[in-house]
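J.: Before I ask anything, let me first share the structure, which is written out below as structure tokens.
Where a number appears in this text, it was derived from the coordinates with a stated rule and is not lab data. Fair warning: this is a prediction, and the values are worked out from it, not measured in the lab. Backbone-built Cβ (ideal geometry, glycine too); neighbour counts: all protein chains shown.
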Amino acid sequence: MCKIQSIIPILFLLFFSSCDDETSTDDMMTKPNGDIALFDELSAGRSTIFLSSSKAYDTPASWVTGSLASRFNNGDLLYDNPYTEASGLGPVYAGYSCGSCHKNAGRTPSSLFSQGGSGNYGFSSMLVYITRKNGAFFRNYGRVLHDQTIYGSNAEGKLKVTYTEKSYQFPDGETYSLQTPHYTITDWYADSISPEDLYISVRIPLRHVGMGQIMALDKNELLRVESLSNYPEYGISGRLNYITERGVYQIGVSGNKAQHADLTVELGYSSDMGITNTRYPEEVCAGQSQSPMFYHGIEVSSEEMEDVDLYMQCLGVPARRYVNNSIVKKGEEAFYAAKCNLCHIPTLHTRPEGSTLLNGTRLPWLGGQTIHPYSDFLLHDMGPELDDHLKSGLAFGCEWRTTPLWGIGLQAIVNGHTQFLHDGRARNLKEAILWHGGEGAVSRELFKKLNKEDRNALIVFLETL
């Protein structure tokens, strides 16, 4: 969720350096040092990796060997490949490669914070969704505003952001502040759209942690989770999103609003980078006055895109750390006391057969696993403050998929920042919790009532996931 408070490194030094994990011969994996892994450490079953460096999101699972490893490496290269005009980039785009926005398969720092909106030099690391207030798209634009362009074309527009900050106080006197973003768009390439008829939703990149496990989730279990997500005493009632993808009406699991059933590799190439492919053969700016005069054909093959899909699904998930530390255990107790577990449920399972890639390649190694994503993958109303007015499938603007928390504590190491929530407005874990409204308000209020020691311990617990 957010930036680590100054006390957190101190707590790590004081309490983690003396941590002595217990082991059990019943557990499934051994650590690199030869110790037996504890069940609670195995975030993704056999796909768990024991790594906490900048490559913690960007390392294959141990079962990725032989020809699978070759395809993984090819997908990794394609994921990070910086496209140019000569290799198909644009004419308008949002990012010049997958890795430009997902450095080390994480969340590249956005120009929202460094440049106050759209970045220079062909890079922003964000997506900007625009719609009319009646939900329709604008004639000269699609669902995404492409704020970058190749030479000779015009960006569709440029985003500007300002923040207002307000201070608050916990019952025990500790102060905190929250910043609210305010978005405007300038330099429209065609129609200058009136702010009175415009909704803007900004999304910073998601972490690509556990993508294979998400694709292999047991949908029957998700249906059971949905049926049990009814806590009227806390105002919580989650629901699954359903979307039509590849002509099939199905459960959505990926994306901020669970608006996709797959990892949208083809859509990413088309909409984010302007790279034509077999699923989206037209240029992303087709129909605009600056649409290219000549059709260059398919610019990335289905086989290449499947290798990118394979790369993401074969990534290992970093293990939980310091699970037997006393401060971590206290924080876990506070996590449950604040009812965070009602939506961020710790444990789910993958279906026996694993997942299938976009061209039909099977990954049975992802099947039959007990995983700990800390998410129910349901939609929850998060209140008016987080309402972006953008409908996705069945999800309304105020509804968001419960964010999986696995690996969240390593984001500062992997990407050098701790901006969280869909638009990065939360600068630390504490702020992310305090932005919870609607169905999340119960956890926000219970978190406020914890004493300072327990609040800090809860943050430490999240940092070890």
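J.: Please identify every one of the GluC sites (Glu not before Pro) in segment 211-308 that sits in a loop by DSSP and has no more than 11 other beta carbons within 10 Å of its own beta carbon.
T.: Passing both the DSSP loop test and the Cβ count: Glu233, Glu282.
J.: In nm, give the distance between the simple-model label positions of Ser67 and Asp197, each being 7 Å from the Cα along the Cα-to-Cβ direction.
T.: 5.6 nm
J.: In nm, to one decimal, how far is the Leu267 label point from the Thr370 one, both placed 7 Å along Cα→Cβ?
T.: Placing both labels 7 Å beyond Cα along the Cβ direction yields 3.4 nm.
J.: According to the Kirkwood expression over distinct Cα-Cα pairs, how big is the hydrodynamic radius of segment 122-190, in Å?
T.: Computed over segment 122-190, the radius equals 14.8 Å.
J.: Continuing with this model, one more query. May I ask for the angle, rounded to the nearest 10°, between helix 302-313 and the longest principal axis of the chain, with both axes built from Cα atoms and the value confined to 0 to 90°?
T.: The helix 302-313 is inclined about 20 degrees to the chain.
J.: Then there is this: Could you work out how far helix 326-337 tilts from the main Cα principal axis of the chain, as a 0 to 90 degree angle to the nearest 10?
T.: That helix lies at roughly 70 degrees to the long axis.
J.: Using 1/(1 + (r/R0)^6) with R0 = 60 angstrom and r between the beta carbons of Ile413 and Arg246, what's the FRET efficiency to the nearest 0.05?
T.: 0.95
J.: Something else: Mind listing the Cα extents of segment 180-303 along all three principal axes, in Å, largest one first?
T.: Sorted largest first, the three principal extents are 57, 43, 26 Å.
J.: Compare the Cα positions of Asn74, Thr370, Leu429 along the charge dipole of segment 7-463 (+1 at Cβ of Lys, Arg; -1 at Cβ of Asp, Glu; about the Cα centre) and return the one farthest towards the positive end.
T.: Of the candidates, Leu429 comes out farthest on the positive side.
J.: Residue-wise, which Karplus ³J(HN,Hα) couplings in Hz belong to segment 168-181, taking 6.51 cos²θ - 1.76 cosθ + 1.60, θ = phi - 60°, and x for glycine or proline?
T.: 9, 9, 6, x, 8, x, 5, 9, 8, 9, 10, 10, 9, x
J.: What is the P(r) of segment 419-465, as percent of Cα-Cα pairs per 10 Å bin from 0?
T.: Taking every Cα pair in segment 419-465, the percentages come to 27, 56, 18.
J.: Another question about this same structure. Find the Cα radius of gyration of segment 242-304, compare it with 2.2 N^0.38 Å by division, and give the number to two decimals.
T.: 1.27
J.: Whose amide H sits under 5 Å from the amide H of Gly117, counting only residues 5 or more places off or on another chain, with H placed in the peptide plane?
T.: When sequence neighbours closer than 5 places are left aside, the close amide H contacts are Leu112, Val161.
J.: Taking each pair of different alpha-carbon atoms in the chain once, compute 1/r for the pair, average those values, and report the inverse of that mean as the Kirkwood hydrodynamic radius in Å to one decimal.
T.: Evaluated over the chain, this radius sits at 22.9 Å.
J.: Tell me the angle of helix 452-463 to the major Cα principal axis of the chain, expressed in degrees between 0 and 90 and rounded to the nearest ten.
T.: 60 degrees
J.: Starting from the Cα-Cα distance between Asn140 and Asn120, subtract it from 0.36 nm times their residue separation and give me the gain in nm to one decimal.
T.: The Asn140-Asn120 span can extend by a further 4.9 nm.
J.: Now a separate question. Check each of the trypsin sites (Lys or Arg not before Pro) in segment 235-274 and keep only those in coil by DSSP with at most 12 other C-beta atoms within 10 angstrom; list them in order.
T.: Here the sparse-neighbourhood loop sites are Arg246.
J.: Here is a further query. Quickly estimate the mean residue ellipticity at 222 nm for the chain, helices only: each DSSP H run with n ≥ 4 gives -39500 (n - 2.57), and the total goes over all residues, rounded to 500.
T.: Only helices count here, giving -6000 deg cm²/dmol.
J.: Still on this model: Of the DSSP beta bridges with both residues in the chain, give the percent that are antiparallel, rounding to the nearest 5.
T.: Antiparallel bridges: around 95 percent, rounded to the nearest 5.
J.: Given R₀ = 35 Å, what would the calculated FRET efficiency be for Lys55 paired with Glu333, taking r from the Cβ atoms and rounding to 0.05?
T.: Efficiency, from the Cβ-Cβ distance: 0.65.
J.: Considering the dipole of the chain built from charges on the beta carbon (Lys and Arg +1, Asp and Glu -1) around the Cα centre, which of Leu217, Gln148, Phe335 is farthest to its positive end?
T.: Projecting each Cα onto the dipole axis, the largest value belongs to Phe335.
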